Amino acid sequence: MESHINRITAIPGLCNGKPTIRGKRLTVHTLLSHLAAGETEAEIFESFPFLEKEDITAVLEYSALMADHINIPLSNKQVA
């Protein structure tokens, strides 16, 4: 399985340095909250049209690693 973890960034000054998706103003927490609320991918893509399927995969991958308390260094650069 290909990793998409590089899509998760933590940029000082952006969303208080919280993990975001590709340097955009959407935090991992916000996207996870939408998923946890039962929203479908189609609903999420409608709310956040800049998202790509790989972004959702990256958030789930990041969350799984965090659940195991694995420290993941995040890029501080925006990914296209």
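The values are calculated or read from the model by the stated rules, or taken from the named source; none is laboratory data. On a predicted model such as this, the values are computed, not experimentally measured, just so you know. When we count neighbours, we look across all protein chains shown, and the Cβ atoms used for this are built from the backbone with ideal geometry, even at glycine. The area values use the complete protein model at the heavy-atom level, side chains included, leaving out ligands, DNA and RNA. Shrake-Rupley method; radii C 1.70, N 1.55, O 1.52, S 1.80 Å.
Sorted by packing (mean other beta-carbon atoms within 10 Å per residue), highest first, where do 42-52, 13-23 land?
Per-residue Cβ counts within 10 Å, averaged per peptide and sorted highest first, yield 13-23, 42-52.
Please list, ordered by chain and number, the residues whose modelled amide H lies under 5 Å from the amide H of residue 75; skip anything fewer than 5 residues away on the same chain.
Here 10 satisfy the definition.
Based on Cα positions only, what radius of gyration and what Dmax would you give for region 1-44, in angstroms?
Rg then Dmax for region 1-44, in Å: 11.5, 32.
Bin by bin, in steps of 5 Å, what percent of the Cα pairs in the chain do you find, going until the bin that has the longest distance?
Per 5 Å bin, starting at zero, the Cα-Cα P(r) for the chain comes out as 3, 16, 28, 27, 18, 7, 1 percent.
Ignoring any ligand, DNA or RNA, what whole percent of the accessible area of the chain comes from carbon and sulfur when the probe is 1.4 angstrom?
55 percent
Per residue of region 36-41, what does 6.51 cos²θ - 1.76 cosθ + 1.60 with θ = phi - 60° give for ³J(HN,Hα)? Whole Hz please, x for Gly and Pro, Karplus curve as stated.
Along region 36-41, the couplings run 5, 6, x, 5, 7, 4 Hz.
Using helices alone, what [θ] at 222 nm do you get for the chain, with -39,500 (n - 2.57) per DSSP H run of 4 or more residues, divided over all residues and rounded to the nearest 500?
Rounded to the nearest 500, the figure is -11500 deg cm²/dmol.
Please give the net charge around residue 54, taking every other residue with its beta carbon less than 12 angstrom from that of residue 54, where Lys and Arg add +1 and Asp and Glu add -1.
Computed value for this residue: -2.
Counting only heavy atoms of the protein chains, get the accessible area per residue of region 17-58 (1.4 Å probe) and round it to a whole Å² value.
54 Å²
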